[in-house]
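*Asks:* Mind looking over this structure? Questions follow.
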Amino acid sequence: MSRSRTIRWALLIVAIAALGFLGWQRFHGGDHQAQAEAQKRVPARVAVPVRIAPVEKADFPVYLTGLGTVQGFNTVLVRTRVDGQINRIAFQEGQFVREGDTLVEIDPRPFQAALDQAKAKKAQDQANLANANLDLQRSTRLGEFATRQQTDTQRALVAQLTAQVAGDDAAIANAQTQLDYATVKAPFSGIAGLRQVDVGNIVNAATQTGIVSIAQIEPIAVIFTAPEDQLPDIKAALAAGSPKTIALSTDGKRVLSTGALSLINNQVDTSSGTIRLKAVFDNKDHALWPGQSVSTQLLVATLKDATVVPDDAVQHGPNGLYAYTVNKENKAELRKIRATRSTDGRSVVDEGLSPGEQVITAGQFKVQPGTLVTTAVASSQAQAKVTGQ
């Protein structure tokens, strides 16, 4: 009986030990499993995706930007030079007219009559001159039988009639001119504006009201301004040739035409501190129109072998400009830089970067010095260079 009691106590102890082991295993084993799962959830050192571009050495054009207004290269308000009634209008509003094209025809009959009268007067005077010449020849042949007075008088009459014929030629020329003025023609090629007369209107040379305005648009001019402190650079560029000038839409996003600077105004505007400039454009496609507002870019210099980066690589911080580069270990490095000029999405860097280095152009907001990055070349988005795995 003592033996069976010992066995029961032994079994009870074993059961208690087993239950205790199971409880301990459940409690501490859950902690280990949670720790293992937590370790699995802890990410490895993740690289930040960015885009990069190389620092290049290239010739960098320096443009001076401004605002300007398009003007017709020549503009004229066509007026009549004779009085009369309009018989025909030979142009349409907004039409491109060529030099010498007929615009308006004025009743030519009064001017034709004046021309015919001048021609008749000349014929009459020529007949009188011919008769006088014959009389002079007769007086000369008579010799001593004709008095000197008669000969001199006849010679003077011939001279007088000769002068009258010359005056008749001038009258004919004047009458022909007046007749020509009855046909109003375009003085140069350009765009006709709104006409200010109709068929049947009486026009005269004394009134200031014109017939139509014509603006020459091939070529065409753009008048724009530049700060007076840029005048030395502009003068140097003009002395070296005809500086390239680009006319763009007012938002600066679309190129309208390319021309050349033709002149610098002879005086600086003291009230604004600017100088007026004039550029000329061929404008064969009529992209520029008189009165249009445009943005301008004037090429004043070209920097040789400049260090150039995309504008997106240049960042602004409390301590000035900076850029991130990517080193051989694919880690970001912060560089303080000095950028002097920016044009067409590119900036010139004078200090802080060297040609051949790679700068980050997108994704900088996730980057700090020493951050591991994966890079994709900005100029070729289809080909990504993935590193730092």
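*Asks:* If you check Ala221, Ala215, Ala205, Ala226, which single one turns out to be crowded, with 16+ Cβ neighbours inside 10 Å, at pLDDT below 95 and of a type outside the set (Ser, Thr, Tyr)?
*Replies:* Numbers: Ala221 fails: at pLDDT below 95; Ala215 fails: at pLDDT below 95; Ala205 fails: crowded, with 16+ Cβ neighbours inside 10 Å.
Of the residues listed, the single one that is crowded, with 16+ Cβ neighbours inside 10 Å, at pLDDT below 95 and of a type outside the set (Ser, Thr, Tyr) is Ala226.
*Asks:* Could you check the stretch 184-236 and list, in sequence order, the residues that are among the acidic types (Asp, Glu) and under 32 Å from the mean Cα position of the chain (by Cα)? Step through it out loud before you land on a result.
*Replies:* So the first thing to find is which residues in the stretch 184-236 are among the acidic types (Asp, Glu), and the list is 198, 218, 228-229, 233.
Within the stretch 184-236, Glu218, Glu228, Asp229, Asp233 meet the criteria.
*Asks:* While we're looking at this one, here's another question. Looking at the stretch 251-296, which of its residues are within 13 Å of the chain's Cα centre (by Cα) and free of Cβ contacts under 8 Å to residues at least 12 places away in the same chain?
*Replies:* If the condition is that a residue be within 13 Å of the chain's Cα centre (by Cα) and free of Cβ contacts under 8 Å to residues at least 12 places away in the same chain, then Lys253, Arg254, Val255 are the ones that fit.
*Asks:* Look at the stretch 105-119 and say how many of its residues are open to solvent by 60 Å² or more (accessible area, probe 1.4 Å) and of a type outside the set (D, E, K, R).
*Replies:* Residues that pass the stated criteria total 3.
*Asks:* Suppose the filter is more than 30 Å from Pro290 (Cβ to Cβ), free of Cβ contacts under 8 Å to residues at least 24 places away in the same chain and either among the acidic types (Asp, Glu) or part of a helix (DSSP H, G or I) (or both); does Ala123 pass it? Full working, then the answer.
*Replies:* Numbers: more than 30 Å from Pro290 (Cβ to Cβ): yes; free of Cβ contacts under 8 Å to residues at least 24 places away in the same chain: yes; either among the acidic types (Asp, Glu) or part of a helix (DSSP H, G or I) (or both): yes.
Yes.
*Asks:* Of the residues Leu261, Leu256, Leu288, only one is part of a loop (DSSP other than H, G, I, E, B) and crowded, with 19+ Cβ neighbours inside 10 Å; which? Outline the logic, then answer.
*Replies:* Values: Leu261 fails: part of a loop (DSSP other than H, G, I, E, B); Leu256 fails: part of a loop (DSSP other than H, G, I, E, B).
Result: Leu288 is the single residue among Leu261, Leu256, Leu288 that is part of a loop (DSSP other than H, G, I, E, B) and crowded, with 19+ Cβ neighbours inside 10 Å.
*Asks:* Scan the stretch 54-75 and tell me whether some residue there is without any contact (Cβ under 8 Å) to a residue 60 or more places away in the chain and among the aliphatic types (A, V, I, L, M).
*Replies:* First, the residues of the stretch 54-75 that are without any contact (Cβ under 8 Å) to a residue 60 or more places away in the chain: none.
No: zero hits.
*Asks:* Collect the residues in the stretch 213-245 that are within 26 Å of Arg79 (Cα to Cα) and charged (D, E, K, R), keeping them in residue-number order.
*Replies:* At the first step, the residues of the stretch 213-245 found to be within 26 Å of Arg79 (Cα to Cα) are 213-221.
Result: Glu218, single match.
*Asks:* Are any of the residues in the stretch 291-298 of a type outside the set (Val, Ile, Thr), in contact with a Phe, Trp or Tyr (Cβ under 7 Å, 6 or more places away or on another chain) and farther than 27 Å from Ala339 by Cβ?
*Replies:* Scanning the stretch 291-298, I find no residue that is of a type outside the set (Val, Ile, Thr), in contact with a Phe, Trp or Tyr (Cβ under 7 Å, 6 or more places away or on another chain) and farther than 27 Å from Ala339 by Cβ, so the answer is no.
So that you can scan it fast, the table gives a plain yes or no per residue for (1) among the β-branched types (Val, Ile, Thr); (2) more than 15 Å from Ile360 (Cα to Cα); (3) without any contact (Cβ under 8 Å) to a residue 24 or more places away in the chain; (4) open to solvent by 40 Å² or more (accessible area, probe 1.4 Å):
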site: Leu298; (1), (2), (3), (4): no, yes, no, no
site: Thr302; (1), (2), (3), (4): yes, yes, no, yes
site: Val309; (1), (2), (3), (4): yes, no, no, no
site: Gly317; (1), (2), (3), (4): no, yes, yes, no
site: Val326; (1), (2), (3), (4): yes, no, no, no
site: Asn330; (1), (2), (3), (4): no, no, no, no
site: Leu334; (1), (2), (3), (4): no, no, no, yes
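*Asks:* Restricting to the stretch 228-253, name every residue that is among the charged types (D, E, K, R) and assigned to a helix (DSSP H, G or I).
*Replies:* First, pick out the residues of the stretch 228-253 that are among the charged types (D, E, K, R): 228-229, 233, 235, 244, 251, 253.
The answer is Glu228, Asp229, Asp233, Lys235.
*Asks:* Still on this structure, I have one more. When you go through (1) surrounded by 12 or more Cβ atoms within 10 Å (Cβ to Cβ); (2) at pLDDT below 95; (3) more than 16 Å from Ser293 (Cα to Cα) one by one for Ala240, which number turns out not to apply?
*Replies:* That leaves (1) as the condition not met.
*Asks:* Run down Thr140, Thr65, Thr153 and say which single residue is in a strand (DSSP E or B), open to solvent by 80 Å² or more (accessible area, probe 1.4 Å) and not aromatic (Phe, Trp, Tyr). Show your work before the answer.
*Replies:* Numbers: Thr140 fails: in a strand (DSSP E or B); Thr153 fails: in a strand (DSSP E or B).
Checking each option against the conditions leaves just Thr65.
*Asks:* Report yes if Glu93 is in a strand (DSSP E or B) and open to solvent by 50 Å² or more (accessible area, probe 1.4 Å), otherwise no.
*Replies:* On the way: in a strand (DSSP E or B): no; open to solvent by 50 Å² or more (accessible area, probe 1.4 Å): yes.
Against the criterion (in a strand (DSSP E or B) and open to solvent by 50 Å² or more (accessible area, probe 1.4 Å)), Glu93 does not qualify.
*Asks:* Kindly list the number of the only condition in (1) surrounded by 13 or more Cβ atoms within 10 Å (Cβ to Cβ); (2) modelled with pLDDT of 95 or more that fails for Gln164.
*Replies:* Gln164 satisfies all of (1) surrounded by 13 or more Cβ atoms within 10 Å (Cβ to Cβ); (2) modelled with pLDDT of 95 or more except (2).
The values are calculated or read from the model by the stated rules, or taken from the named source; none is laboratory data. What you are looking at is a predicted structure, and each value in this text was computed from that prediction instead of being measured. Glycine gets a Cβ as well: all are built from the backbone with ideal geometry, and neighbour counts include every protein chain shown. Heavy atoms of the whole protein, side chains included, go into the accessibility calculation; ligands, DNA and RNA do not. Shrake-Rupley method; radii C 1.70, N 1.55, O 1.52, S 1.80 Å.
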